[in-house]
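Structure record follows, encoded as structure tokens.
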Amino acid sequence: MSAGILDGKALAAKMKEEIRAESAKLPRQPGLAVILVGDNGASQVYVRNKVKDCSDCGIACFDYHLPADTSLEQLLTLVEELNGRDDVDGILCQLPLPAHLPQTPVLEAISPDKDVDAFHPENMGKILRGDARYLPCTPGGIVELLREQGIDPAGKHCVVVGRSNIVGKPMALLLLQQNATVTVCHSRTPDLKAECLRADILVAAVGKENLITADMVKEGAVVIDVAMNRNAAGKLCGDVDYTAVAEKASYITPVPGGVGPMTRAMLMANTLTAAKYRQSK
Ligand code: NAP
């Protein structure tokens with residue numbers, strides 16, 4: 001079997017066109033504030049992509065690049081100012097922050113209404129409860145990819161490898177809400193291969209090249225590769241041994257072009273949702 005490709009790039013482009021059309025109908029242009037502290041190279045690329053996505057979607061982008069020695073007080077003052085601004089519907093602070101800045105008070109300072117990354121405890125609680133205001137971008141993008149392909153997690157055994165607050169845990173919750181039976185694996189899981197072999201839908205979100213090899217994948221499984229690693233040649237790759245696993249899987253996401261573009265599209269979708277919500281109040 002050679003797997004069908006779950007084409008995140010194509011679906012994200014379609015979603016962005018729809019968001020652009022919806023944004024244009026609103027009385028006021030939606031606005032997203034993006035805060036970057038310091039000069040982390042990868043973060044700068046992510047922020048540039050977000051600025052471009054906003055432009056593609058007809059969303060105003062307010063881009064704040066603060067010096068690496070910004071104090072917590074200065075950062076919180078900016079967040080407070082953005083919380084109060086009418087033209088800002090969504091606020092995100094690009095992670096990771098420089099080592100001297102604690103993440104928790106910053107994420108908790110963003111108004112839950114404007115928390116389009118869904119990292120505020122109030123929004124995480126809503127995700128847990130099953131009435132999310134904003135879907136977490138990466139897991140939400142995966143749900144959309146599966147839906148587009150007509151893959152229904154209900155009744156399936158889903159195995160999520162990785163338990164971070166950003167990907168693994170919310171992914172498991174969204175799959176559970178879609179009536180899957182979910183197993184979550186992590187670095188202390190004794191027999192990862194045995195767990196993965198039980199998966200009808202396998203989501204790898206670790207950050208280790210070739211962690212998931214073909215002998216760990218059930219024939220016909222759907223394989224979602226979240227990770228973004230650089231291999232020895234500097235090429236972007238995921239956790240999954242793509243070529244070999246594609247011979248066994250029914251569907252697979254490529255890296256790049258799978259989950260990454262969907263994460264970006266979901267951020268735009270959440271910003272549109274925030275704008276609609278705030279303009280209806
Ligand atoms: P993270 O916070 O570092 O979490 C990694 C998880 O993997 C942890 O739960 C860890 O377990 C688990 N793990 C580590 N080694 C393992 C092993 N040998 N076997 C099984 N589990 C293992 O990473 P993250 O933020 O979730 O991101 C994961 C990957 O996805 C990264 O490559 C990141 O760049 C990528 N990512 C991509 C997107 C996208 O849009 N495509 C978005 C976000 C992240 P413990 O909890 O026990 O330590």
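Numbers at a glance
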item: Cut-off under 5 Å, modelled amide H: who pairs with Val203 long-range; result: Val159, Val160, Val161, Ile224
item: Sites matching trypsin sites (Lys or Arg not before Pro) across segment 57-129 that sit in DSSP coil, with at most 15 neighbouring C-beta atoms within 10 Å; result: Arg85
item: Gain in span if fully extended, Ser2 to His186, counting 0.36 nm per residue against the direct Cα distance; result: 63.4 nm
item: Most mobile of Asp63, Asp115, Asp200 in a GNM of the chain (Cα contacts under 10 Å); result: Asp63
item: Approximate spin-label separation Thr243-Ala24, in nm, with each point projected 7 Å along Cα-to-Cβ; result: 4.4
item: Solitary cysteines of the chain, where the nearest other Cys Cβ is not under 4.7 Å; result: Cys57, Cys93, Cys137, Cys158, Cys185, Cys196, Cys237
item: Distance from segment 1-50 to segment 139-166 (C-alpha centre basis), Å; result: 19
item: Share antiparallel - DSSP beta bridges, the chain, percent rounded to 5; result: 5
item: Gain in span if fully extended, Glu80 to Leu176, counting 0.36 nm per residue against the direct Cα distance; result: 31.1 nm
item: Rounded D (µm²/s) - the chain, Kirkwood Rh over Cα pairs, Stokes-Einstein at 10 °C, 1.306 mPa s; result: 82
item: Residue-wise HN-Hα coupling along segment 231-239, computed from phi with Karplus coefficients 6.51, -1.76, 1.60 (Hz; x: Gly, Pro); result: 7, 4, 7, x, 8, 5, 8, x, 8
item: Label-point separation, Tyr277 to Thr213 (7 Å along Cα→Cβ), nm; result: 4.5
item: Contour excess over end-to-end distance, with Cα ends at Asp131 and Ala68 and 0.36 nm allotted per residue; result: 19.0 nm
item: Backbone HN-Hα couplings from phi across segment 88-103 [Karplus 6.51/-1.76/1.60, Hz, Gly and Pro as x]; result: 10, 9, x, 10, 9, 10, 5, 9, x, 7, x, 4, 7, 9, x, 6
item: 23 Å Cα-Cα threshold exceeded, pairs from Lys156/Lys208; Lys52/Lys276; Lys52/Lys126; Lys9/Lys156; result: Lys156/Lys208; Lys52/Lys126; Lys9/Lys156
item: Protection-proxy order for peptides 228-236, 146-154, 272-280, each taking the mean of Cβ atoms within 10 Å per residue, highest first; result: 272-280, 146-154, 228-236
item: Calculated [θ] (222 nm, deg cm²/dmol) that DSSP helices of n ≥ 4 give over the chain, each run adding -39,500 (n - 2.57); result: -13000 deg cm²/dmol
item: Top positive-direction residue, dipole computed over the chain with Cβ charges, set Thr273, Leu76, Leu66; result: Thr273
item: Segment 1-113 - convex hull of alpha carbons, volume per residue in Å³; result: 137
item: Dipole of segment 100-204, positive end: most advanced residue of Gln178, Val160, Pro102 [Cβ charges, Cα centre]; result: Val160
item: On Cα atoms only, tilt of 137-148 relative to the major axis of the chain in degrees; result: 50
item: Local net charge near Ile110, Cβ-Cβ under 15 Å (Lys/Arg +1, Asp/Glu -1); result: -3
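Rule-based calculations on the coordinates, nothing more; no lab input. All of these numbers come straight from a predicted model, not from anything done at the bench. A quick note on method: Cβ atoms are made from the backbone with ideal geometry, for glycine too, and the neighbour counts reach across all protein chains shown.
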